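Remarks on the structure that follows.
The values are calculated or read from the model by the stated rules, or taken from the named source; none is laboratory data. Note that the structure is a prediction, hence the values are computed from the model and not measured. Quick reminder, even Gly has a Cβ in these numbers, built from the backbone with ideal geometry, and neighbours come from all protein chains shown.
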Amino acid sequence: MTDIIWGNGSEVLSNDSFVLNVTHRKSGNKNDYSDSEKIKLISADLPGFPADKNDWNSEKLTDCVIDAFLKCEVDLRDDRGMLLAKVSHSGVGGY
């Protein structure tokens with residue numbers, strides 16, 4: 001089972017990473033998650049965000065994640081403490 005967290009994007013750190021203000025955690029997650037987590041994209045399903053990683057940039061990421069309610073399917077935590085995750089916009093009210 002994949003750990004899942006939800007929240008709002010608050011700060012873009014690079015072309016493929018941002019800070020998530022975590023508001024919800026899936027019951028049954030294997031790991032614990034703080035109220036603020038750094039997320040590195042391994043894939044993204046975000047309207048307006050390019051599918052090709054070569055086209056990713058911080059401006060496009062900012063447009064897609066800041067203040068958006070996001071779902072992060074966590075793959076792992078790297079040695080710097082960042083969560084590697086598949087990120088998508090979350091459905092309103094239904095997570």
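To keep it simple, each residue is scored yes or no on (1) touching a Ser or Thr at 6+ places or on another chain (Cβ under 7 Å); (2) crowded, with 18+ Cβ neighbours inside 10 Å; (3) in a loop (DSSP other than H, G, I, E, B).
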residue	(1), (2), (3)
Ser27	no, no, yes
Ala51	no, no, yes
Asp63	no, no, no
Lys71	yes, yes, no
Asp75	no, no, no
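Those residues that are at pLDDT below 95 and in a loop (DSSP other than H, G, I, E, B), I need them from segment 29-48; list them, please.
Result: Leu46, Pro47, Gly48.
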